[in-house]
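Worksheet: the structure to be examined is printed underneath.
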């Protein structure tokens, strides 16, 4: 399946300062629409309404963490095909491998460089597009 | 005249610096939590070490983003030690010693960075 240009991104993180930085960082290219929210349950509701092209998920969040949110997405026909990238400090090779095994498209390690983040996300989207 | 991306980067850098000050202030406050977690763990409360893992995970994941690689690194070290403690018998003297040393290193680094930035926990 050919993927279109990346236009809408949802970022989910319970840390408000990191949400703000990610939103600013992803706004740098000027052509991405970014939404943020602070929990997995809120993310699922937003996804059903707006169907983002890509979801960036923090891993450690209270109540519903990143992997639980991804599992709920994969079990929901309307959300199952939305690619998910984890943004996490849990980025040891075995941890990354575990995230890929449960269905993540990729992992961006925290701490991240705010000046490079948009390029990292766009590169990941390009790889996904080429993988078809 | 700067283009939108250049001015956006300047605004982002400025905001990262502002939030870095807030990060330091909050993290100075969390040193009390870290100390309390260690004390509670030494007293036999396993839940306290899980809380220590959460606090240090946050500091680890946030520190470098706001320009504090040393804090991020020492928080990561303490996070790893907390995970190791969760897999070890409570009261393991080697783990306790390593946790205390890790907490000291993180505390010293946070205090050093806060002093350099002129930040105190009172704001």
Can you pull out the residues in the stretch B:78-98 that are closer than 20 Å to residue A:92 by Cβ and surrounded by fewer than 17 Cβ atoms within 10 Å (Cβ to Cβ)?
B:80, B:83, B:84, B:86, B:87, B:88
Which is under 12 Å from the mean Cα position of the chain (by Cα), surrounded by 14 or more Cβ atoms within 10 Å (Cβ to Cβ) and within 9 Å of chain A (Cβ to nearest Cβ), of B:70, B:102, B:63?
B:63
As an exercise: evaluate residue A:45 against (1) more than 13 Å from chain B (Cβ to nearest Cβ); (2) under 26 Å from residue A:131 (Cα atoms) and give the number of the one condition it does not meet.
(2)
Counted residues, the stretch A:59-92 - those being out of contact with any strand residue (DSSP E or B) (no Cβ under 6 Å at 6 or more places or on another chain), within 10 Å of residue A:107 (Cβ to Cβ) and more than 14 Å from chain B (Cβ to nearest Cβ):
0
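Each row is one residue, and each column tells you yes or no for (1) on the phi > 0 side of the Ramachandran plot; (2) assigned to a helix (DSSP H, G or I); (3) modelled with pLDDT of 95 or more.
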position	(1), (2), (3)
B:2	no, no, no
B:5	no, yes, no
B:11	no, yes, no
B:17	no, yes, no
B:23	no, yes, no
B:34	no, yes, yes
B:47	no, yes, no
B:50	no, yes, no
B:55	no, yes, no
Of residues in the stretch A:75-109 being under 16 Å from residue A:47 (Cβ atoms) and surrounded by 15 or more Cβ atoms within 10 Å (Cβ to Cβ), the one farthest from the chain's Cα centre (by Cα)
A:79
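The values are calculated or read from the model by the stated rules, or taken from the named source; none is laboratory data. Everything numeric in this text was worked out from a predicted model, so none of it was measured. Virtual Cβ from ideal backbone geometry, glycine too; neighbours counted across all protein chains shown.
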